[in-house]
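Student: Quick one: the structure is below, and I'll ask about it shortly.
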Amino acid sequence: MKNELEIQIKVPNKTRYLSLIGKIGEDMARELDRFSGDREAFAYHLNMVLTEAMANAIKHAKASDPDKEVLIRISISERQLTIAVYDCGQGFDLNSIPLPCPETDLLEEKGRGIFIIRALMDSVVYRKCKRGNVLQMKKALK
Amino acid sequence: MNLKIELNGKIMIVFVREERLDAHNSPELKAEINRLFEEGAQNLLIDLKDVRFIDSSGLGVLVSGFKNASTRQGSLKLSSLQTQVKSMFELTRLHRVFDIFQTTDEALESY
């Protein structure tokens, strides 16, 4: 596969699709040409980031409305991976989630998903958009 | 969710027979851990041999079980983590919280 592709996926707002989305991410990572890093680790991390971001979107979307969908865009260029996950809920304050640092309370039950995403990606932004909110995550590819 | 539960002496072993432990199925594990504690179990060993992938929900359920065990003067230990699963414990530094053993037998010897 050429190192430039974009995939757009719409899935129902349900956790049963987490595994499917994660698997798509893993397969994409394995198919990339000219990737010199640890491919299996990259595949696993892509699975992790997609799973966490989609679970986050489901949590913040109106869970009571089963007709809602989560839209996911994954684009990979020569040098960068970009993942955008759109939700149509009330949103949340990304800044309220502690940054990965040694002082974080290890037994805190909330915020671990965003913590993991931040640890695995270079930049994470959450903002309002036409559809509701978008969590946009980028990582440089080496 | 596919769980196999075995009583070994005073240790309740929960074998999680799923490839993924994520936001979809981890509430079931949480309910089962809570049920075992409610029914009087003191020491739980969660064996993750079959688990290839764990997300923050899965980790959260184990943390919740760990806290539940602590308040009951019991314990919750882990065994048989696959490499990538272990890497998630390290990333979130939870490897400092849990007693983690390479095999079920090693974990049983620790009690």
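Student: For the protein assembly as shown, take every pair of Cα atoms, bin their distances at 10 Å starting from 0, and report each bin as a whole percent.
Tutor: Final binned percentages: 7, 30, 33, 21, 8, 1.
Student: Mind checking the mean number of beta-carbon atoms from other chains within 10 Å of the Cβ atoms in B:21-27?
Tutor: What the average comes to for B:21-27 is 5.
Student: Another question, if that's okay. Just tell me how shielded A:12-18 is by partners: mean number of partner chain Cβ atoms within 10 Å of each residue's Cβ, no decimals. Before the final figure, lay out the partial values.
Tutor: On the way: counts 0, 0, 1, 7, 3, 1, 8.
Averaged over the peptide's residues, the number is 3.
Student: How many nm is it between the label spots at A:K59 and A:K142, if each spot is 7 Å from the Cα in line with the beta carbon?
Tutor: About 3.0 nm separates the two model spin labels.
Student: Test of understanding: what is the full-extension gain from B:S70 to B:E39, defined as 0.36 nm times their sequence separation minus their Cα-Cα distance?
Tutor: Using 0.36 nm per residue and subtracting the Cα-Cα distance, I get 9.6 nm.
Student: For the pairs A:K14/A:K59; A:K68/A:K128; A:K68/A:K138; B:K4/B:K49; A:K59/A:K139, note any where the Cα-Cα span goes beyond 19 Å.
Tutor: A:K68/A:K138; A:K59/A:K139
Student: While we're looking at this one, here's another question. What does segment B:1-104 give for Rg and for Dmax, in Å, if only its C-alpha atoms count?
Tutor: When restricted to Cα atoms, segment B:1-104 yields Rg and Dmax of 12.3, 34 Å.
Student: If I take every Cα pair under 8 Å that is 6 or more residues apart in chain B, average their sequence separation and divide by the length, what percent do I get for the relative contact order? Intermediate values should be presented prior to the final figure.
Tutor: Details: 179 pairs, mean separation 27.7, N = 111.
Over chain B, the number comes to 25 percent.
Student: Filter the DSSP H helices in chain A by two things, a Kyte-Doolittle mean of at least -0.5 and an axial alpha-carbon span of 24 angstrom or more, and list the hits by number.
Tutor: On the way: long enough: A:39-60 (31 Å, 0.05).
Flagged H segments are A:39-60.
Student: By a straight-distance test (C-alpha under 17 Å), which aspartates and glutamates pair with A:K10 as possible cross-link partners, with residues fewer than eight away in the same chain excluded?
Tutor: Result set, ordered by chain and number: A:E52, A:D65, A:D67, A:E69, A:D87.
Student: Can you divide the C-alpha Rg of chain A by 2.2 N^0.38 Å and report the result to two decimal places?
Tutor: Values: Rg = 14.9 Å, N = 142, 2.2 N^0.38 = 14.5 Å.
For chain A, the normalised Cα radius of gyration is 1.03.
Student: Still on this structure, I have one more. In a GNM of chain A with a 10 Å cut-off on Cα contacts, which of A:E108, A:E69, A:E26 has the highest mean-square fluctuation?
Tutor: Evaluated over chain A, the most mobile residue of the options is A:E108.
Student: Below 8 Å between Cα atoms, with a sequence gap of 6+, how large is the relative contact order for segment A:5-140 in percent?
Tutor: 25 percent
Student: Calculate the length of the line joining the C-alpha centroid of segment B:63-111 to that of segment A:69-94, in whole Å.
Tutor: 33 Å
Student: Something else: For every helix of n ≥ 4 consecutive DSSP H residues, a contribution of -39,500 (n - 2.57) applies; sum these over the protein assembly as shown, divide by its total residues, and give [θ] at 222 nm rounded to the nearest 500 deg cm²/dmol.
Tutor: Details: 7 runs with 89 residues, N = 253.
So the calculated ellipticity at 222 nm is -11000 deg cm²/dmol.
Student: About the Cα centre, and with charges only on the beta carbon of Lys, Arg (+1) and Asp, Glu (-1), how big is the dipole of chain B? Nearest 20 debye, please.
Tutor: Using only the charged Cβ atoms, the result is roughly 280 debye.
Student: What distance in nm separates the two pseudo spin-label positions at A:E6 and B:D99, each 7 Å out from Cα along the beta-carbon direction?
Tutor: A separation of 5.4 nm, rounded to one decimal place.
Each value in this text was obtained by applying a stated rule to the coordinates, not by laboratory testing. Keep in mind that this is a model prediction, so the values were computed, not measured. When we count neighbours, we look across all protein chains shown, and the Cβ atoms used for this are built from the backbone with ideal geometry, even at glycine.
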